[in-house]
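Read the figures in this text as sums done on the coordinates, not as results from a lab. Since we're looking at a predicted model, the values are computed, not measured. Note: ideal-geometry Cβ built from the backbone for every residue, glycine included; neighbour counts use all protein chains shown.
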Amino acid sequence: MDRVEFRDPRRRNNPTTVAQLAELAPNIDFALYFRGTGAPPFSQLNLLNPQYVRDISAALARVPLASWKAYMKWRALDEMASLLTGRFELEQFRFNGEILSGQKEMRPRWMRCSDAVAGQPGADALGEVVGKIFMQRQFGSDAKARLDQLITALQQSLRQRLTEVDWMTTETRDRALAKLQAMRRKIGGPDTWRDFSAVMIRRDDYAGNSIRIAANDRQRQFQWIGQQVDRSIWLMTPQTVNAYYAPSLNEITFPAGILQPPVFDSTMDDAVNFGAAGAMIGHEITHGFDDSGRRFDASGNLMNWWMPRDEDAFRERAACVASQYGGYSSLPGAKLNGNLTLGENVADNGGVRIAYYALMELLARKGPPASIDSFTPEQRFFISYAQVWCENASDQDVRRRAQEDVHSPGRWRANGVLQNMPEFRKAFGCKEGVPMAPATACRVW
Ligand SMILES: [Zn+2]
């Protein structure tokens, strides 16, 4: 599957029995492999990409053993390079950093060290160990309450938009509202912390530490096999400056880290914070209703709850967004793929709109606010949103991302959304026909 096909959750949903898997890949002894991993017995699994398994099995018979050995050796070295002596790390940087990404120098050692322990939960990270300390130092109960209020304001704003859109039938609208209502939220960090007591950490064995942490993580995941879905799991660490929507759990998660500049700044006024943190929260909530997220129901099951008419109406609106962004280039010759970035663009557009209306609602309650630095609250909202997407990237990286990334580059995350918004035109007095106020504007939510 290419990246666009792979974005469709229906194509990734391929429940397969272990017996069927053996037929699909006759050259791979999966039973032996599963036993070797130490996983408990199971009879069924999901293949994200069945064709891949078929092709690998065929390639095993076709490609000489020596080539497989070289490939496996390279995979092992590439995986471990950053954990070995400097020469390995430098060689990896020359390829991944300099050649593929156009980086001029390696990131400073302290950043790499900090990433190594505080990265995403998973194989090579002690992220929750650091996260626990981060939470204790940086995230009081007032911060949690503040984030909770912001999310409530954004959810309320989307509820209002879902109620108002003129292209949905009552049936679909009611199900959409029920899905929004059922969306769970996680704030700050996990209630119970992962147990790393079984991991032996040695001062003189960096690579060994990493292998033992990975083994510990694998054991943890094996324990999920055959069990009820654990809805308490966090897919980001508390210190992460990011957020996510998990469609199969119908859940939004906002780590403590997002309550930091440039996303959230307690010294700034509401307009600035709604333009940044508000738009980010709105983005995640809207993911539940983008071209992929909309295929999951209120409990997170892949199930169609749309009336055919509404599906058509949604597709038509989404196609407008796909062709809009497909017309952008991040560099000459590096066109964006409107279908690859569709879900993120729908979420960006919905997110900014619901953040904007949540702000308007708040300002209406608080009374008319003053201008600051001669900018109106509306202008500060949009400037703040755009500033989140300031970035500095090499040409190689920009070109690579245009091919691979499901997100549009920062410039179009800002301009693409704002070109669609009459509220932006009004705030800055743009006349129709200027680049930021084109004649056609797209809108899904
Ligand atoms: Zn997103």
Q: Take every Cα-Cα distance within the range 12-118, group them into 5 Å bins from 0 onward, and report for each bin the whole-number percent of pairs it holds.
A: 2, 10, 12, 15, 13, 11, 13, 13, 8, 1, 0
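Report the local net charge at Arg295: Lys and Arg +1, Asp and Glu -1, summed over other residues whose C-beta lies under 14 Å from its C-beta.
+2
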Q: Using a Gaussian network model of the chain whose springs link C-alpha atoms within less than 10 Å, name the residue from Gly127, Gly226, Gly97 with the highest mean-square fluctuation.
A: Gly226
Q: Using only the alpha-carbon atoms of the range 207-253, report the extent along each of the three principal axes, biggest first, to the nearest angstrom.
A: 36, 32, 13
(Q) With an 8 Å Cα cut-off and a minimum separation of 6 or more residues, compute the relative contact order for the chain in percent. (A) 15 percent
Q: With a point put 7 Å past each Cα toward its Cβ, work out how far Ala58 is from Met1 in nm, to one decimal.
A: 1.9 nm
Q) Taking only DSSP H segments of four or more residues, each worth -39500 (n - 2.57), what value at 222 nm results for the chain once the sum is divided by all its residues, to the nearest 500 deg cm²/dmol? A) -16000 deg cm²/dmol
(Q) Binning at 5 angstrom from zero up to the longest distance, how are the C-alpha pair distances of the range 80-224 distributed in percent? (A) 2, 7, 11, 13, 12, 11, 11, 11, 9, 7, 4, 2, 0
Q. Between Tyr206 and Val18, what is the FRET efficiency for a Förster distance of 41 Å, r being their Cβ-Cβ separation, to the nearest 0.05?
A. 0.65
Q.
Charges on Cβ only, +1 for Lys and Arg, -1 for Asp and Glu, centred on the Cα centroid of the range 185-283; of Ala207, Pro238, Asn250, which one is farthest towards the dipole's positive end?
A. Ala207
Q) Do any cysteines in the chain lack another Cys Cβ under 4.7 Å, and if so which? A) Cys113, Cys390, Cys430
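Provide the net charge surrounding Lys335, with neighbours chosen by a C-beta distance below 15 Å and charges set as Lys +1, Arg +1, Asp -1, Glu -1.
Counting the neighbours of Lys335, the net charge comes to +2.
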(Q) Taking the Cα centre as origin and putting +1 on Lys and Arg beta-carbons and -1 on Asp and Glu beta-carbons, what dipole magnitude results for the chain, to the nearest 20 debye? (A) 380 debye
Q: Sorted from largest down, give the three principal axis spans of the alpha carbons of the chain, whole angstrom values.
A: 69, 51, 47
Q: Report, in whole Å, the centroid distance computed from the Cα atoms of the range 232-260 and the range 266-300.
A: 12 Å
Q: Provide the gained length on full extension for the span Val241 to Ser114, in nm with one decimal, where the gain is 0.36 nm per separating residue minus the Cα-Cα distance.
A: 44.3 nm
Q. Taking the chain as a Gaussian network, Cα atoms linked when under 10 Å apart, which of Ala271, Ala214, Ala70 shows the biggest mean-square fluctuation?
A. Ala70
Q) With the chain treated as a Gaussian network of Cα nodes joined by springs under 10 Å, which of Lys69, Lys104, Lys179 yields the largest mean-square fluctuation? A) Lys69
